[in-house]
Amino acid sequence: MTTEAQIKANQENAKKSTGPTSIEGKKRSSMNAFTHGILSNIKALPGEDENFMQNVRDDILATYQPQDAMERCLVDRIYIAIIRQIRLCEAEAAKLKMSMRPEILAESLSQILHHSTIRRFKADDLSDEMEFNYQYYLAVTQELEPYELEDKLPSLSVIETTMPKTFSLLKRKTKQFEVVWESLREDLNQVMKALREIKKEAGNHIASTSSIHVAHSLLEDMRVIHRIPHGVDITLMTRYQVQLDNDLYRAMNALQKYRDNKAKLIEGEIVNDTEAAEVAA
């Protein structure tokens, strides 16, 4: 059981406790009564940064420093509107990131170039490897263009020094012919046959992938286009953005009006008290 002496001692100790003395300490203490309510109940969604949300909350509280329940409710509304703005920006970024996936870009390019369902581009079609092969075979046809390959055959030394890509394919052909390279050098008929096949293969490859080459040349422009939502997405996001802007501005205006009216009421009470005191005197 607490004795009378202990009670008196506790009372004396309580008098010595003056609370926080620093400016920051007093500021934190003054906010203790306003850290509960809607603000403290908003939970981070999967993938959201709780620390970031907490910092936003703390910054808003520090900025507005609500002094009563009504101000706290209005600051809650400001916080909610800002969090929703952040979520909208993150959702937009995620949507745009998805729209830049290779398969989505391929589908968009198929639509722009009016390709039929059968000829739709696939993600692999737009790879850098496909474009490299196209450019490689294009260079081969340009190397072989001066030669009809009927009765005029460039020497292997000319091919090796001035037609490097053709020469590389020619050496590869020796494996298909199961011919030793040194023996091929002496068999002009085999060389002629190999060059004809190389020229035909290069022409077929260019013809079959020319549309893919065109699509690849538009790929970067398509990525730029996909930085902005389009279609239904931009309509929904724009409407939601307008709604959030209205919510934010209404909450800010309501808080300002409430504080203005409260200040007028307090000023009126002071004036009335002063007048009453003067009359009494």
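Each value in this text was obtained by applying a stated rule to the coordinates, not by laboratory testing. Being a predicted model, the structure only gives us computed values, none of them experimental. Counting neighbours? That spans all protein chains shown, and the Cβs are built from the backbone with ideal geometry, glycine included.
Structural remarks
- Counting other Cβ atoms within 10 Å as a rough exposure proxy, the listed residues VAL56, VAL242 run VAL242, VAL56 from fewest neighbours to most.
- Span from the the range 234-268 Cα centroid across to the the range 90-120 one, whole angstrom: 40 Å
- The protection proxy used here, the mean number of other Cβ atoms lying within 10 Å of each residue, ranks peptides 44-54, 254-264 as follows, highest first: 254-264, 44-54.
- With the charge dipole of the range 44-113 set up from +1 on Lys and Arg Cβ and -1 on Asp and Glu Cβ about the Cα centre, the Cα lying farthest toward the positive end among the listed residues ILE112, ALA69, VAL56 is that of ILE112.
- Amide H to amide H, with H built 1.01 Å from N, PHE121 comes under 5 Å of SER110, counting only residues 5 or more places away or on other chains.
- Extension gain (nm, one decimal) between ALA69 and GLN243, 0.36 nm per residue minus Cα-Cα: 60.1 nm
- Highest-first arrangement of 243-250, 81-88, where packing means the average Cβ count within 10 Å: 81-88, 243-250
- Ranked list, fewest to most other Cβ atoms within 10 Å of each Cβ, for CYS89, CYS73: CYS89, CYS73
- With 24 Å as the limit on Cα-Cα distance, the pairs of LYS97/LYS122; LYS122/LYS171; LYS173/LYS199 that go past it are LYS122/LYS171.
- Taking the convex hull of the alpha carbon positions in the range 197-246 and averaging its projected area over all directions gives 4.5 nm².
- For the range 102-225, the Kirkwood hydrodynamic radius from C-alpha pairs, put into Stokes-Einstein at 25 °C and a viscosity of 0.890 mPa s, yields a diffusion coefficient of 151 µm² per second.
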